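J.: Input: one structure, supplied below.
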Amino acid sequence: MRTPDPESLYKALADHMREAVHIVDAEDQTLFANERLCTMLGYSLAELRKKRTKDFLDEASVHRISEAHRRERKQGIASSYEATLMSKQGEGLSVYITGIPLNDGATMGIITDLREEKRLETIYRQLVEHMQEGVWMGNIEEKTIYANPRFCTMMEYTPEEILGIEEYTFWDPASADIVRRVNSTERIEGKSSTYEAVLQTKSGKRIPVFVSGSPLPGGGTMALVTDLRPMKERESMYRTLVENMNEVVWMVDREGNTLYVNPKFQEILGYSEEEILGKSAFQIIHPDYVDDIRRIDRQERAKGISSSYETILVTKTGKHIPVLMSGTPLPGGGSMGIFTDLTVVKEKQRKERVLTQAIAYATDGIIIVDETGLVQAWNKGAKLIFGYEEQEVIGKTIKGMFSTQDVDHMLGQSSVRYNFELQGTHKNTQNITISATLTPVFDEGRKMSSILLIARDITAQRKFEEELSLKYQKLKEAYNQFGIVRRQMDYIFELCEASSAYSDIGSVGDFIVNSVIMLTRVDGCVLRIYNPRQDSLDLLSSFGVDESWKGKASVAYKGSLVEQSREKGFPMKVVDITKEPRYGSVHMARMHNFSSLLVVPLQHQKELVGSLTLYVTPEKKLELFENDFIEEYAKLVSLILASRKKTGK
């Protein structure tokens, strides 16, 4: 096997190096250049062999290399320096050259391309120049060799002014002592360190800063200086916020001893700051909750976990305050708690529970549905009316209980509607009649979110009314057979008989009202007797009205429709009750669906005895009031009541 030629091996090695290799003779004429140098300069090897070193160096580099040859090469000493090569195209290339003397006065240069390093150096310099932090560098004599624009601005120096200034000039006296101690210990030992200090600017202004200092290779120090003024301002802002919070803020150390409380703590708990600082947090926690809080501290705070829970604080006077506590571990140990006073919330919750129970057990059905008709709430009253248990209807549509038309009408309501009738279906499929009040509920955007339906079962009431109506119809048919006149005469005769037969005026009044109902077929009748002492009309008897009407057992005569009718000298007919200003019971009339009325003053020998008021619903015809017999019958009623008043019976 043939041994490779050493020269060939060296040449192959040189051609594959990352660095450029250049060898010249004693006359500085190129003897050898590897492929890397040829590529960098853009010359072929044949072209380079015709050139001297100075032919592809800039002027400054030629001077530097000449000095190196004069000082070191002739003495056989290697040297290194930066230089600038000039390519065939005239481009300057930054390089680092290590020159090594060879035999016979020849020299070999190992050339490292510095362009990438220079590019990175430019990037790093731009980064430092544009940093928000100040950067300062000092030499081993602790004098400034570099400061970035941010540091110069902070200290009020120009970049030229600041060079050479001793480091301790930049600090206030206390901070200068800290820096001297750090430089004499950590820096000498090659250690980095951080601390807070105060810079003193050229004009004497003080700037709080955070310093990260590191030793430089070859001696000296580099410091990264962060201006703490924005942080201090934020700290002041946060402190102001905490000091003025409506919540209690409380900080404790690892052992649970109080480090800080805000003014709200002092206000609510009654302790001064001096009384509570250093004291155990558990002395103001209710004893029933102490073990739970200790457990939370062990299991969560020690692991850096935040949590919230309810507890009870005990004030200086022994008062118990329910609170919601949000606890957070502090850096370095300890905890911070934010306590929200729940006194008002708890009272509101208590009232809500009472209201909820009242709704749940009310005998009226209370149903809440969403905007699509799905049941959201269902009380016991609703169960009594419709037969369904709560779990059977929650989340289901009410269309099985009401007709689709009625449901669509309810869902389309945009205002409260009182006492309207609905036909519903019981669970056992029986039909029921409901008197309902419907209230739409709107969200913050004024969009209907749900509907409250209050329902009362009036099936029995309607059945009674139907039976009564049927009786009326039968009586009407009977009266029609004998003639209206005969019927009227009969009632006149019966009234006279009743006046003699009944011992008390109340029974007579009941007969009068019943007879008027039978004679006129109106929906309601109210008989009142005049009380001259009170100048009032007192309720004697009624028909077609419920118990609420008794709230009007006595009404003032003065300003009444009776007075107005008496002044006119004839009965007064009101077609629309809601538009008559003298009528004082519009709400009750609406509750009974009364729309029109006829007022007949009862008087004997020009003296007021009482009044007779007849009511009809919109379905009845007003022609019922066009009955001359009512006035004649009223005269007989007036005579009988007047005589009863005289006898006191």
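The values are calculated or read from the model by the stated rules, or taken from the named source; none is laboratory data. The model shown is predicted, which means the values in this text are computed figures rather than measured ones. Because the Cβ atoms are built from the backbone with ideal geometry, glycine has one as well, and the counts that use them run over all protein chains shown.
J.: Considering (1) under 21 Å from ASN514 (Cα atoms); (2) at pLDDT 85 or above, say which one PRO532 fails and leave the rest.
T.: Single failed check for PRO532: (1).
J.: Can you name the residue in the stretch 346-364 that is of a type outside the set (Lys, Arg) and touching a strand residue (DSSP E or B) at 6+ places or on another chain (Cβ under 8 Å) and, of all such residues, is modelled with the lowest pLDDT?
T.: For the stretch 346-364, the residue satisfying everything is ILE359.
J.: Do you know which of the residues in the stretch 281-308 that are among the β-branched types (Val, Ile, Thr) and under 12 Å from GLY337 (Cβ atoms) is modelled with the highest pLDDT?
T.: Checking each candidate, the answer is ILE285.
J.: Let me ask something else. In the stretch 128-151, which residues are among the small types (Gly, Ala, Ser) and over 15 Å from THR226 (Cα atoms)?
T.: Hit for the stretch 128-151 is GLY138, nothing else.
J.: Further, regarding this structure: When you scan the stretch 386-408, do you find a residue that is closer than 30 Å to ILE517 by Cα and either more than 38 Å from the chain's Cα centre (by Cα) or of a type in the set (Lys, Arg) (or both), even just one?
T.: no
J.: Which condition breaks for SER80 when tested against (1) over 17 Å from THR30 (Cβ atoms); (2) in a helix (DSSP H, G or I); (3) not β-branched (Val, Ile, Thr)?
T.: SER80 satisfies all of (1) over 17 Å from THR30 (Cβ atoms); (2) in a helix (DSSP H, G or I); (3) not β-branched (Val, Ile, Thr) except (2).
J.: Quick test for you: out of VAL248, VAL198, VAL182, VAL225, pick the one residue that is under 34 Å from the mean Cα position of the chain (by Cα) and either among the aliphatic types (A, V, I, L, M) or outside the structural domain of ARG295 (by TED's automatic domain parsing) (or both).
T.: Among VAL248, VAL198, VAL182, VAL225, only VAL248 is under 34 Å from the mean Cα position of the chain (by Cα) and either among the aliphatic types (A, V, I, L, M) or outside the structural domain of ARG295 (by TED's automatic domain parsing) (or both).
J.: Could you figure out which of (1) more than 14 Å from TRP136 (Cβ to Cβ); (2) surrounded by 14 or more Cβ atoms within 10 Å (Cβ to Cβ); (3) among the charged types (D, E, K, R) isn't true of ASP227?
T.: Unmet for ASP227, out of (1) more than 14 Å from TRP136 (Cβ to Cβ); (2) surrounded by 14 or more Cβ atoms within 10 Å (Cβ to Cβ); (3) among the charged types (D, E, K, R): (1).
J.: Next question. Output yes when any residue across the stretch 235-245 is buried (at least 16 other Cβ atoms within 10 Å of the Cβ) and at pLDDT 85 or above, and no when none is.
T.: No; the residues of the stretch 235-245 include none that is buried (at least 16 other Cβ atoms within 10 Å of the Cβ) and at pLDDT 85 or above.
J.: Here's something else I'd like to know. Output the residues belonging to the stretch 426-478 that are modelled with pLDDT of 85 or more, of a type in the set (A, V, I, L, M) and surrounded by fewer than 15 Cβ atoms within 10 Å (Cβ to Cβ).
T.: The answer is VAL441, and nothing else.
J.: Looking at (1) crowded, with 20+ Cβ neighbours inside 10 Å; (2) farther than 17 Å from ILE505 by Cα; (3) at pLDDT below 85, which is the one condition that is false for GLU623?
T.: (1)
J.: Provide a single number: the residues in the stretch 346-369 that are under 29 Å from the mean Cα position of the chain (by Cα) and surrounded by 16 or more Cβ atoms within 10 Å (Cβ to Cβ).
T.: First, pick out the residues of the stretch 346-369 that are under 29 Å from the mean Cα position of the chain (by Cα): 346-357, 359, 367-369.
So of that shortlist, the ones also surrounded by 16 or more Cβ atoms within 10 Å (Cβ to Cβ) come out as 359, 367-369.
Residues flagged as under 29 Å from the mean Cα position of the chain (by Cα) and surrounded by 16 or more Cβ atoms within 10 Å (Cβ to Cβ) within the stretch 346-369 amount to 4.
J.: Of the conditions (1) over 52 Å from the mean Cα position of the chain (by Cα); (2) at pLDDT 90 or above; (3) hydroxyl-bearing (Ser, Thr, Tyr), THR107 clears all except one; give me its number.
T.: (2)
J.: Kindly check whether there is at least one residue in the stretch 41-49 that is touching a Ser or Thr at 6+ places or on another chain (Cβ under 9 Å), assigned to a loop (DSSP other than H, G, I, E, B) and under 15 Å from ASP113 (Cα atoms).
T.: Scanning the stretch 41-49, I find at least one residue that is touching a Ser or Thr at 6+ places or on another chain (Cβ under 9 Å), assigned to a loop (DSSP other than H, G, I, E, B) and under 15 Å from ASP113 (Cα atoms), so the answer is yes.
J.: Related question: Just checking, does the stretch 250-259 include any residue being without any contact (Cβ under 8 Å) to a residue 60 or more places away in the chain, of a type outside the set (A, V, I, L, M), crowded, with 17+ Cβ neighbours inside 10 Å and in a helix (DSSP H, G or I)?
T.: No: zero hits.
J.: Residue check: is GLY400 in contact with a Ser or Thr (Cβ under 8 Å, 6 or more places away or on another chain), surrounded by 15 or more Cβ atoms within 10 Å (Cβ to Cβ) and modelled with pLDDT under 90?
T.: no
J.: Pairs only if they're at least six apart or on different chains, beta carbon under 9 angstrom, first in the stretch 58-77 and over 17 Å from TYR96 (Cβ atoms) and at pLDDT below 75, second charged (D, E, K, R) and not in a helix (DSSP H, G or I); list them, first residue then second.
T.: HIS69/ASP28
J.: If I filter the stretch 531-541 for residues that are touching a residue at least 60 places away in the same chain (Cβ under 8 Å), in contact with a Leu (Cβ under 7 Å, 6 or more places away or on another chain) and within 20 Å of GLY610 (Cα to Cα), do I get at least one hit?
T.: Yes, the stretch 531-541 has at least one match.
J.: Hey, could you check the stretch 67-83 for residues that are closer than 14 Å to LYS54 by Cβ and buried (at least 16 other Cβ atoms within 10 Å of the Cβ) and say which is farthest from the chain's Cα centre (by Cα)?
T.: HIS69
J.: Among the residues of the stretch 38-59, how many are surrounded by fewer than 18 Cβ atoms within 10 Å (Cβ to Cβ) and either within 14 Å of THR107 (Cβ to Cβ) or touching a strand residue (DSSP E or B) at 6+ places or on another chain (Cβ under 7 Å) (or both)?
T.: Selection size over the stretch 38-59: 6.
J.: While we're on this one: Working carefully through the options VAL574, VAL562, find the one that is of a type in the set (A, V, I, L, M, F, W, C), in the same structural domain as ARG533 (by TED's automatic domain parsing), under 22 Å from ILE529 (Cβ atoms) and in contact with a Phe, Trp or Tyr (Cβ under 8 Å, 6 or more places away or on another chain). Spell out how you get there, then give the answer.
T.: Values: VAL562 fails: in contact with a Phe, Trp or Tyr (Cβ under 8 Å, 6 or more places away or on another chain).
Checking each option against the conditions leaves just VAL574.
For every residue, the table says whether it meets (1) surrounded by fewer than 18 Cβ atoms within 10 Å (Cβ to Cβ); (2) out of contact with any strand residue (DSSP E or B) (no Cβ under 6 Å at 6 or more places or on another chain); (3) outside any loop (DSSP other than H, G, I, E, B); (4) at negative phi.
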{"position": "MET222", "(1), (2), (3), (4)": "yes, no, yes, yes"}
{"position": "MET231", "(1), (2), (3), (4)": "yes, yes, yes, yes"}
{"position": "GLY278", "(1), (2), (3), (4)": "yes, no, no, no"}
{"position": "PHE282", "(1), (2), (3), (4)": "yes, yes, yes, yes"}
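J.: Might you check whether a residue that is surrounded by fewer than 16 Cβ atoms within 10 Å (Cβ to Cβ), out of contact with any strand residue (DSSP E or B) (no Cβ under 8 Å at 6 or more places or on another chain) and part of a helix (DSSP H, G or I) occurs anywhere in the stretch 327-338?
T.: no
J.: Which one is nearest to the chain's Cα centre (by Cα) among residues in the stretch 11-40 that are in contact (Cβ under 8 Å) with a residue 40 or more places away in the chain and part of a strand (DSSP E or B)?
T.: Result: ALA20.
J.: Within the stretch 348-431, which strands (runs of 3 or more DSSP E) (wholly inside it) include 2 or more residues that are of a type outside the set (A, V, I, L, M) and more than 17 Å from SER450 (Cβ to Cβ)?
T.: 417-425
J.: Still on this structure, I have one more. I'm checking my understanding of the structure. Among residues of the stretch 535-567 that are exposed (fewer than 13 other Cβ atoms within 10 Å of the Cβ) and part of a helix (DSSP H, G or I), which one is modelled with the highest pLDDT?
T.: Here the residue is GLU567.
J.: Which residues, counting only those in the stretch 210-243, are of a type in the set (S, T, N, Q) and in contact (Cβ under 8 Å) with a residue 24 or more places away in the chain?
T.: Passing the criteria: THR221, THR226.
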